[in-house]
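Remarks on the structure that follows.
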Amino acid sequence: MCYAIPAKVVEIKKNIAVLDYFGERRNVVLDLPDIHIDDYVFAQGGILVRKVDEKEALAVLDTWKDLFFELKEIDQQLAQSSHAEKLSGNALAVLQKINLKQTLTKEDLLILNALQNPQELSVLYDVANQVRQRVHGNASCVHGIIEFSNYCRGDCFYCGIRRERSIERYRMTEAEILATTKQAIDEYGFKAIVLQSGEDLYYDEDKLEHLVKALRQLGILIFLSIGVRPVATYKKLYAAGARAALMRFETSNPVIFNELRPNTTLDERLTLIRELKKIGYVLATGFLIGLPHEQPEDLVNNILLTQELAPEMYSFGPLIPTQDTPLVHAPTISVEQVLKTIAIARVASPDANILVTTALETLSLEAKRQALLAGANSMMINLTPRQYRPLYSIYDHRACNDQTVAANIQETIQLLRDLGRAPMDVGL
Ligand code: 5AD
């Protein structure tokens with residue numbers, strides 16, 4: 001977004017470009033023609049998305065040069081404290097493994113998940129924040145999301161836009177999506193856009209291909225979140241210029257999956273997710289936290305399955321029980337359980353980019369800050385036009401429904417500055 005620093009290309013190794021941000025190096029995929037050493041560029045999600053005019057880049061870099069080092073210092077200070085002495089027994093042993101950079105076992109993750117006492121949890125969050133800092137420095141990424149249709153052929157028990165629920169439906173036209181994206185780029189400086197919708201077959205392969213091609217001209221990372229489609233469609237959309245895809249597996253427990261997603265199986269879903277990765281998409285995947293009948297072991301299995309799928313980005317959030325859905329009476333998940341999941345995912349997978357999801361923000365206003373201090377390093381800002389936003393009601397009381405995009409950006413920038421995070425790309 002506007003909060004993004006241009007980088008200088010310092011090395012090119014086949015399809016990888018090495019970028020420099022004030023002395024910090026990041027590797028990114030080079031899939032643009034005519035990029036040379038010493039060019040200035042923007043990268044998002046580990047992909048080089050646009051060349052920037054040198055004058056423009058130098059002007060932006062000039063405004064960043066002092067702040068960049070100040071932010072780094074703030075981040076380092078915030079990531080320093082951890083009172084390991086507050087842990088005991090098994091948890092202390094796991095902490096020592098984390099410090100020694102050893103691989104954690106399923107039993108280790110279960111031990112961390114069993115922590116309940118606030119003092120112990122705060123040690124876990126601090127340690128996860130340190131791991132994030134050690135691996136990613138203070139890099140943070142912020143993508144914009146446009147929810148372009150709430151029509152859905154699916155009937156998932158947890159979801160507020162399921163077919164069976166009687167709600168007002170909307171679908172943005174291609175022209176509206178393009179206009180919203182252009183505004184996001186020109187007015188707010190976004191460099192990556194997630195296109196999300198229900199499984200709306202009105203947007204068939206041809207329409208999506210046309211849309212992606214048009215968006216591709218704008219020099220951004222195009223991130224698809226459009227649900228189950230044939231592999232051939234995803235291939236076509238990749239060829240048209242889409243480079244990232246978000247698809248959660250929702251739960252690693254096949255029995256729970258079957259109960260909640262009629263006529264679909266976990267196996268099919270996982271096969272598709274693996275195919276997305278094979279096609280070359282930057283992959284975001286994850287699960288819902290707190291589905292009915294889930295046991296602690298399911299949560300740990302969810303983290304391990306995410307790890308196995310090797311996505312570039314982890315996306316998981318709490319189930320928010322929603323009116324007129326079969327799960328309306330499911331128990332609500334605590335913020336602590338979500339923060340704990342973020343922290344465990346971070347220490348289990350130090351390299352991961354972990355997203356703070358809006359569902360977590362919906363649970364508590366403070367949650368975004370807490371999540372960024374418990375191992376998370378990525379965010380999304382909702383760019384859906386305000387007349388449609390309340391209609392994209394995948395769950396009740398969604399955070400940011402009433403906030404303008406400008407206000408949301410302002411708040412996010414302030415938060416990132418308070419926490420010392422810099423908008424350089426997180427790299428590969
Ligand atoms: N609460 C939280 N997240 C939900 N999703 C769908 N319904 C809900 C809900 N009630 C999530 C699913 C889906 C993503 C787009 O939204 O995990 O993959």
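The values are calculated or read from the model by the stated rules, or taken from the named source; none is laboratory data. Since the model is a prediction, treat every value here as computed from it, not as a measurement. Counting neighbours? That spans all protein chains shown, and the Cβs are built from the backbone with ideal geometry, glycine included. The protein model used for the area step is the full one, side chains on, heavy atoms only, and it has no ligands, DNA or RNA in it. Shrake-Rupley method; radii C 1.70, N 1.55, O 1.52, S 1.80 Å.
Scan the stretch 105-164 for residues that are within 16 Å of the ligand (Cβ to nearest atom), of a type in the set (Asp, Glu) and surrounded by fewer than 23 Cβ atoms within 10 Å (Cβ to Cβ) and report the count. Of the residues in the stretch 105-164, 2 are within 16 Å of the ligand (Cβ to nearest atom), of a type in the set (Asp, Glu) and surrounded by fewer than 23 Cβ atoms within 10 Å (Cβ to Cβ).
Each residue in the stretch 211-259 was checked for being open to solvent by less than 20 Å² (accessible area, probe 1.4 Å), within 16 Å of the ligand (Cβ to nearest atom) and polar (S, T, N, Q), and 2 pass.
Out of THR412, THR384, one residue alone is in the same structural domain as ALA184 (by TED's automatic domain parsing), part of a loop (DSSP other than H, G, I, E, B), open to solvent by less than 20 Å² (accessible area, probe 1.4 Å) and in contact (Cβ under 8 Å) with a residue 24 or more places away in the chain. It is THR384. Being assigned to a helix (DSSP H, G or I), of a type outside the set (Asp, Glu) and within 24 Å of ARG417 (Cα to Cα) is a description that applies to VAL135. Counting only residues that are part of a loop (DSSP other than H, G, I, E, B) and either within 14 Å of the ligand (Cβ to nearest atom) or open to solvent by less than 20 Å² (accessible area, probe 1.4 Å) (or both), the stretch 283-307 holds 5 of them.
Taking the stretch 325-343 as the range and being within 15 Å of the ligand (Cβ to nearest atom), of a type outside the set (Ser, Thr, Tyr) and open to solvent by 10 Å² or more (accessible area, probe 1.4 Å) as the test, the residues that pass are PRO326, LEU327, VAL328, HIS329, ALA330, PRO331, ILE333, VAL335, GLN337.
Quick check: is even one residue across the stretch 265-281 without any contact (Cβ under 8 Å) to a residue 40 or more places away in the chain and within 12 Å of the ligand (Cβ to nearest atom)? Yes, some residue in the stretch 265-281 is without any contact (Cβ under 8 Å) to a residue 40 or more places away in the chain and within 12 Å of the ligand (Cβ to nearest atom). Test each condition in (1) of a type outside the set (Asp, Glu); (2) more than 16 Å from the ligand (Cβ to nearest atom); (3) within 28 Å of THR322 (Cβ to Cβ) for GLY420 and report the one that comes out false. The number of the failed condition is (3). If you filter the stretch 308-324 down to residues that are free of Cβ contacts under 8 Å to residues at least 60 places away in the same chain and not in a loop (DSSP other than H, G, I, E, B), you find that the one that is farthest from the ligand (Cβ to nearest atom) is GLU308. Residues that are under 22 Å from ILE185 (Cα atoms) and in contact with a helix residue (DSSP H, G or I) (Cβ under 7 Å, 6 or more places away or on another chain) do occur in the stretch 243-266. Helices (runs of 4 or more DSSP H) fully within the stretch 175-281 that include at least 3 residues being farther than 19 Å from TYR158 by Cβ: 205-216, 231-240, 266-279. Within the stretch 357-381, if we keep just the residues that are touching a residue at least 40 places away in the same chain (Cβ under 8 Å) and within 13 Å of the ligand (Cβ to nearest atom), the residue that is surrounded by the most Cβ atoms within 10 Å (Cβ to Cβ) turns out to be LEU360. Contact map, the stretch 156-170: first residue under 19 Å from ARG261 (Cα atoms), second residue open to solvent by 60 Å² or more (accessible area, probe 1.4 Å), Cβ cut-off under 7 Å, separation 6 or more or different chains; pairs are PHE157/PRO326; ARG163/ARG153; ARG165/ASP324.
Here's the yes/no breakdown for (1) of a type outside the set (Lys, Arg); (2) more than 16 Å from HIS136 (Cα to Cα); (3) open to solvent by 90 Å² or more (accessible area, probe 1.4 Å); (4) in the same structural domain as GLY241 (by TED's automatic domain parsing):
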| site | (1), (2), (3), (4) |
| --- | --- |
| LYS14 | no, yes, yes, no |
| VAL28 | yes, no, no, no |
| ILE35 | yes, yes, no, no |
| VAL41 | yes, yes, no, no |
| LEU48 | yes, yes, no, no |
| TRP64 | yes, yes, no, no |
| LYS97 | no, yes, no, no |
| THR103 | yes, yes, yes, no |
